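Notes follow the structure.
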Amino acid sequence: MDFDTLRERALAYREDLLARKEKIAPAEFGWYPYDTMANILHLDALLSGPRRSVFDSIAGGRVADIGAADGDFGFFLESELGCQVDLIDNAPTNFNGLRGARRLVEELSSSTRVHEIDLDSQFDLPAEHYHAVFFLGLLYHLKNPFYVLEALSARADLCFVSTRIAQLAPDHQTRLKDQPVAYLLDPREANNDATNFWIFSETGLRRLFDRTGWDVLDFVTVGCTEGSDPAAQDRDERAFALLHSKAAAGR
(Lines give C-alpha, C1' and ligand atoms only; values in the text may rest on other atoms or scores of the structure.)
Protein backbone atom coordinates (compact mmCIF):
# COMPACT_ATOMS: atom_id res chain seq x y z
CA MET A 1 0.00 0.00 0.00
CA ASP A 2 1.45 3.40 -0.94
CA PHE A 3 1.66 5.91 1.88
CA ASP A 4 -0.80 8.34 0.30
CA THR A 5 -3.49 5.64 0.46
CA LEU A 6 -2.50 4.71 4.01
CA ARG A 7 -2.71 8.36 5.09
CA GLU A 8 -6.21 8.75 3.68
CA ARG A 9 -7.35 5.53 5.35
CA ALA A 10 -5.88 6.74 8.65
CA LEU A 11 -7.71 10.05 8.45
CA ALA A 12 -10.98 8.29 7.63
CA TYR A 13 -10.40 5.85 10.51
CA ARG A 14 -9.84 8.84 12.82
CA GLU A 15 -13.26 10.28 12.01
CA ASP A 16 -14.99 6.92 12.40
CA LEU A 17 -13.29 6.28 15.74
CA LEU A 18 -14.13 9.74 17.09
CA ALA A 19 -17.78 9.15 16.26
CA ARG A 20 -17.65 5.73 17.83
CA LYS A 21 -16.06 7.10 21.01
CA GLU A 22 -18.85 9.63 21.34
CA LYS A 23 -21.42 6.87 20.91
CA ILE A 24 -19.69 4.59 23.41
CA ALA A 25 -19.40 7.29 26.05
CA PRO A 26 -19.60 11.10 26.09
CA ALA A 27 -16.53 13.27 26.45
CA GLU A 28 -17.08 13.33 30.22
CA PHE A 29 -15.87 9.71 30.23
CA GLY A 30 -12.36 11.13 29.96
CA TRP A 31 -11.12 10.15 26.52
CA TYR A 32 -7.58 11.32 25.78
CA PRO A 33 -8.12 14.88 24.49
CA TYR A 34 -5.33 15.14 21.91
CA ASP A 35 -5.44 13.93 18.31
CA THR A 36 -2.92 11.08 18.22
CA MET A 37 -4.06 10.02 14.74
CA ALA A 38 -2.75 13.35 13.42
CA ASN A 39 0.71 11.80 13.71
CA ILE A 40 0.01 10.24 10.30
CA LEU A 41 0.47 13.74 8.81
CA HIS A 42 3.88 14.08 10.45
CA LEU A 43 4.86 10.63 9.22
CA ASP A 44 3.81 11.75 5.75
CA ALA A 45 6.31 14.63 6.01
CA LEU A 46 8.97 12.33 7.48
CA LEU A 47 9.06 9.39 5.09
CA SER A 48 11.01 9.73 1.86
CA GLY A 49 11.95 7.58 -1.12
CA PRO A 50 11.64 3.83 -0.50
CA ARG A 51 10.55 4.49 3.10
CA ARG A 52 7.22 5.66 1.71
CA SER A 53 6.39 1.95 1.54
CA VAL A 54 7.77 1.03 4.97
CA PHE A 55 4.35 0.09 6.34
CA ASP A 56 4.25 -2.81 3.87
CA SER A 57 7.12 -4.39 5.82
CA ILE A 58 5.19 -4.36 9.09
CA ALA A 59 1.77 -5.45 7.77
CA GLY A 60 0.70 -8.56 9.65
CA GLY A 61 3.62 -8.29 12.05
CA ARG A 62 3.83 -7.56 15.76
CA VAL A 63 4.07 -3.90 16.68
CA ALA A 64 4.04 -1.93 19.93
CA ASP A 65 2.30 1.40 20.40
CA ILE A 66 4.17 2.83 23.39
CA GLY A 67 2.70 5.76 25.27
CA ALA A 68 -0.48 4.80 23.49
CA ALA A 69 -3.02 7.07 25.26
CA ASP A 70 -6.37 5.48 24.16
CA GLY A 71 -4.57 3.34 21.57
CA ASP A 72 -6.14 4.93 18.48
CA PHE A 73 -3.11 4.43 16.25
CA GLY A 74 -2.60 0.85 17.38
CA PHE A 75 -6.22 -0.02 16.65
CA PHE A 76 -5.79 1.48 13.18
CA LEU A 77 -2.72 -0.69 12.53
CA GLU A 78 -4.67 -3.76 13.58
CA SER A 79 -7.72 -2.85 11.50
CA GLU A 80 -6.00 -1.76 8.29
CA LEU A 81 -2.71 -3.70 8.26
CA GLY A 82 -3.58 -6.80 10.26
CA CYS A 83 -0.87 -6.09 12.82
CA GLN A 84 -0.65 -7.86 16.17
CA VAL A 85 -0.59 -4.92 18.56
CA ASP A 86 0.67 -4.40 22.09
CA LEU A 87 -0.54 -1.12 23.62
CA ILE A 88 1.92 -0.05 26.30
CA ASP A 89 1.39 2.78 28.77
CA ASN A 90 1.74 3.55 32.46
CA ALA A 91 -1.71 3.69 34.06
CA PRO A 92 -0.83 6.25 36.79
CA THR A 93 0.29 8.76 34.15
CA ASN A 94 -2.13 7.77 31.38
CA PHE A 95 -4.87 10.39 30.96
CA ASN A 96 -7.69 8.05 32.04
CA GLY A 97 -5.75 5.25 33.70
CA LEU A 98 -5.99 3.15 30.48
CA ARG A 99 -9.76 2.89 30.84
CA GLY A 100 -10.14 4.32 27.35
CA ALA A 101 -7.88 1.73 25.71
CA ARG A 102 -9.52 -1.15 27.55
CA ARG A 103 -12.99 0.11 26.68
CA LEU A 104 -12.07 0.24 22.99
CA VAL A 105 -10.66 -3.29 23.05
CA GLU A 106 -14.09 -4.48 24.17
CA GLU A 107 -16.14 -2.28 21.85
CA LEU A 108 -14.02 -3.03 18.78
CA SER A 109 -13.78 -6.77 19.57
CA SER A 110 -10.06 -6.25 19.20
CA SER A 111 -7.28 -8.74 19.83
CA THR A 112 -4.97 -5.88 20.80
CA ARG A 113 -3.35 -6.40 24.21
CA VAL A 114 -3.11 -3.60 26.76
CA HIS A 115 -0.07 -3.62 29.06
CA GLU A 116 0.65 -1.46 32.10
CA ILE A 117 4.41 -0.85 32.03
CA ASP A 118 6.43 1.85 33.78
CA LEU A 119 9.27 2.69 31.39
CA ASP A 120 11.12 4.45 34.21
CA SER A 121 11.53 1.07 35.92
CA GLN A 122 13.72 -1.86 34.87
CA PHE A 123 10.91 -2.95 32.58
CA ASP A 124 10.49 -5.91 30.24
CA LEU A 125 8.58 -5.85 26.97
CA PRO A 126 5.67 -8.22 26.32
CA ALA A 127 7.24 -9.79 23.20
CA GLU A 128 10.73 -10.88 22.24
CA HIS A 129 10.58 -9.25 18.81
CA TYR A 130 8.70 -6.40 17.17
CA HIS A 131 8.65 -5.49 13.51
CA ALA A 132 8.17 -1.88 14.62
CA VAL A 133 7.52 0.22 17.69
CA PHE A 134 5.69 3.54 17.66
CA PHE A 135 7.23 5.81 20.29
CA LEU A 136 5.65 9.16 19.57
CA GLY A 137 5.70 12.14 21.93
CA LEU A 138 7.03 10.18 24.89
CA LEU A 139 10.83 10.43 25.03
CA TYR A 140 10.98 13.77 26.88
CA HIS A 141 8.62 12.39 29.55
CA LEU A 142 11.16 9.73 30.57
CA LYS A 143 13.74 9.99 33.31
CA ASN A 144 16.12 7.61 31.52
CA PRO A 145 15.65 7.86 27.74
CA PHE A 146 19.00 6.15 27.07
CA TYR A 147 17.91 2.97 28.83
CA VAL A 148 14.55 2.85 27.07
CA LEU A 149 15.91 3.39 23.54
CA GLU A 150 18.64 0.81 24.11
CA ALA A 151 16.09 -1.73 25.35
CA LEU A 152 13.89 -1.11 22.31
CA SER A 153 16.78 -1.50 19.84
CA ALA A 154 17.39 -4.99 21.23
CA ARG A 155 13.82 -6.08 20.46
CA ALA A 156 12.52 -4.00 17.52
CA ASP A 157 13.61 -3.70 13.90
CA LEU A 158 12.12 -0.23 13.33
CA CYS A 159 11.18 2.65 15.59
CA PHE A 160 9.01 5.65 14.75
CA VAL A 161 9.92 8.26 17.36
CA SER A 162 9.09 11.89 18.08
CA THR A 163 10.15 14.21 20.85
CA ARG A 164 10.58 17.87 21.67
CA ILE A 165 13.96 19.41 20.84
CA ALA A 166 15.50 22.87 21.31
CA GLN A 167 17.96 25.10 19.46
CA LEU A 168 18.43 27.66 22.26
CA ALA A 169 18.57 27.61 26.05
CA PRO A 170 15.77 29.54 27.81
CA ASP A 171 17.99 32.64 27.96
CA HIS A 172 17.86 32.68 24.13
CA GLN A 173 21.58 33.48 24.14
CA THR A 174 23.11 30.04 24.62
CA ARG A 175 22.96 28.02 21.38
CA LEU A 176 22.32 24.31 21.86
CA LYS A 177 21.54 23.05 18.37
CA ASP A 178 25.03 22.01 17.30
CA GLN A 179 26.10 20.60 20.68
CA PRO A 180 25.33 17.00 21.79
CA VAL A 181 23.41 18.09 24.88
CA ALA A 182 20.08 17.82 26.72
CA TYR A 183 18.37 20.39 28.93
CA LEU A 184 16.83 19.16 32.20
CA LEU A 185 13.58 20.99 32.90
CA ASP A 186 12.44 22.30 36.25
CA PRO A 187 9.21 20.50 37.32
CA ARG A 188 7.02 23.52 36.41
CA GLU A 189 9.09 25.03 33.65
CA ALA A 190 7.31 23.56 30.62
CA ASN A 191 3.52 23.62 30.62
CA ASN A 192 3.54 23.22 34.41
CA ASP A 193 4.05 19.48 33.83
CA ALA A 194 6.43 17.69 36.19
CA THR A 195 6.59 14.67 33.83
CA ASN A 196 8.63 16.72 31.33
CA PHE A 197 12.32 15.96 31.80
CA TRP A 198 14.96 15.97 29.04
CA ILE A 199 14.83 18.24 25.98
CA PHE A 200 17.61 17.33 23.58
CA SER A 201 19.30 19.40 20.95
CA GLU A 202 19.07 17.89 17.46
CA THR A 203 22.75 16.95 17.67
CA GLY A 204 22.25 15.42 21.11
CA LEU A 205 19.22 13.44 19.93
CA ARG A 206 21.06 12.05 16.93
CA ARG A 207 23.96 11.00 19.15
CA LEU A 208 21.51 9.37 21.56
CA PHE A 209 20.04 7.34 18.69
CA ASP A 210 23.50 6.22 17.60
CA ARG A 211 24.71 5.25 21.06
CA THR A 212 21.54 3.28 21.86
CA GLY A 213 21.83 1.10 18.76
CA TRP A 214 19.87 2.88 16.04
CA ASP A 215 20.57 4.16 12.53
CA VAL A 216 18.52 7.14 11.36
CA LEU A 217 16.69 6.43 8.09
CA ASP A 218 14.59 9.62 7.93
CA PHE A 219 14.49 12.75 10.11
CA VAL A 220 12.36 15.91 10.05
CA THR A 221 11.47 18.71 12.46
CA VAL A 222 8.17 20.57 12.72
CA GLY A 223 6.77 23.47 14.72
CA CYS A 224 9.11 26.29 15.74
CA THR A 225 12.06 25.44 13.48
CA GLU A 226 13.86 28.74 14.14
CA GLY A 227 14.80 29.72 17.68
CA SER A 228 13.08 26.89 19.57
CA ASP A 229 13.69 26.57 23.30
CA PRO A 230 12.97 23.83 25.87
CA ALA A 231 10.07 25.44 27.72
CA ALA A 232 8.09 28.18 25.95
CA GLN A 233 4.86 26.97 24.37
CA ASP A 234 5.32 29.25 21.35
CA ARG A 235 8.87 27.95 20.78
CA ASP A 236 8.03 24.23 20.66
CA GLU A 237 9.96 22.25 18.02
CA ARG A 238 9.41 18.53 17.48
CA ALA A 239 11.70 16.01 15.82
CA PHE A 240 10.26 12.96 14.05
CA ALA A 241 12.55 10.10 13.03
CA LEU A 242 12.38 6.65 11.52
CA LEU A 243 15.08 4.47 13.07
CA HIS A 244 16.46 1.06 12.12
CA SER A 245 18.03 -1.15 14.77
CA LYS A 246 21.69 -1.96 14.23
CA ALA A 247 21.00 -5.36 15.77
CA ALA A 248 18.18 -6.21 13.33
CA ALA A 249 20.45 -7.97 10.84
CA GLY A 250 21.43 -10.50 13.50
CA ARG A 251 17.87 -11.45 14.42
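Students sometimes get this wrong: rank Ile88, Ile24 by accessible area, probe 1.4 Å, all chains present, largest first. Could you put the intermediate results ahead of the total?
On the way: Ile88 0, Ile24 30 Å².
From most accessible down to least: Ile24, Ile88.
Under a Cβ-only charge scheme (Lys and Arg +1, Asp and Glu -1), can you give me the dipole magnitude of the range 201-251 about the Cα centre, in debye to the nearest 20?
Values: 7 positive and 9 negative charges, 88 e Å.
In debye, rounded to 20, the range 201-251 gives about 420.
How much length, in nm to one decimal, is gained on full extension between Arg99 and Thr203, taken as 0.36 nm per residue of separation minus their Cα-Cα distance? Provide the component values of the computation, followed by the final result.
Details: separation 104, 0.36 × 104 = 37.44 nm, distance 3.78 nm.
Working it through step by step, the gained length comes to 33.7 nm.
Compute, for the chain, the length of the dipole vector about the Cα centre, with Cβ point charges of +1 (Lys, Arg) and -1 (Asp, Glu) only. Units Debye, rounded to 20.
Details: 26 positive and 40 negative charges, 82 e Å.
Roughly 400 debye for the chain.
Kindly identify the range 1-134 as rounded, prolate or oblate by the Cα gyration tensor criterion: order the square roots of the eigenvalues as a ≥ b ≥ c, call it rounded if a/c is under 1.5, otherwise compare a/b with b/c, prolate if a/b is larger, else oblate. The partial results should precede the final answer.
On the way: a/c = 1.76, a/b = 1.19, b/c = 1.48.
Verdict is oblate for the range 1-134.
Expressed as a rounded percentage, what relative contact order does the range 1-144 have, with Cα pairs under 8 Å and six or more residues apart?
Details: 182 pairs, mean separation 35.4, N = 144.
Relative contact order here is 25 percent.
Counting only C-alpha contacts under 8 Å and six or more residues apart, can you give the relative contact order of the range 108-251 as a whole percent? Could the numbers behind the result be given before it?
Details: 283 pairs, mean separation 38.1, N = 144.
Reported relative contact order: 26 percent.
Averaging over all projection directions, find the projected area of the Cα convex hull of the range 1-75 and quote it in nm² with one decimal place. Write down the numbers at each step before the final one.
Numbers: hull surface 21.8 nm².
Taking the Cα atoms of the range 1-75, their convex hull projects to 5.4 nm² on average.
Any idea how far the Cα center of the range 181-251 sits from the one of the range 114-152, in Å?
15 Å
What relative contact order, as a whole-number percentage, does the range 171-247 give when Cα pairs under 8 Å and 6 or more residues apart are counted? Let's see the in-between values first.
On the way: 118 pairs, mean separation 21.7, N = 77.
Computed over the range 171-247, the figure is 28 percent.
What FRET efficiency, computed as 1/(1 + (r/R0)^6) with R0 = 35 Å and r the Cβ-Cβ distance, is obtained for Thr195 and Ala25, rounded to the nearest 0.05?
0.85
Label points 7 Å out from Cα along the Cβ direction at Leu11 and Glu106: separation in nm?
The modelled label-to-label distance comes out at 3.4 nm.
For Ser48, what charge total do you get from the other residues with a beta carbon under 14 Å from its beta carbon, if Lys and Arg give +1 and Asp and Glu give -1? All intermediate terms of the calculation are to be shown ahead of the outcome.
Values: positive: Arg51, Arg52; negative: Asp2, Asp4, Asp44, Asp218.
Spelling it out: positives minus negatives among the neighbours equals -2.
Give the calculated FRET efficiency between Ser57 and Asp118 to the nearest 0.05, with a Förster radius of 45 Å applied to their Cβ-Cβ distance.
Details: r = 30 Å, r/R0 = 0.67.
Plugging the Cβ-Cβ distance into 1/(1 + (r/R0)^6) gives 0.90.
The values are calculated or read from the model by the stated rules, or taken from the named source; none is laboratory data. This is a predicted model, so every value here is computed, not measured. We place every Cβ from the backbone using ideal geometry, glycine too, and count neighbours over all the protein chains shown. Please note that ligands, DNA and RNA were not included when accessible areas were found on the heavy atoms of the full protein model with its side chains. Shrake-Rupley method; radii C 1.70, N 1.55, O 1.52, S 1.80 Å.
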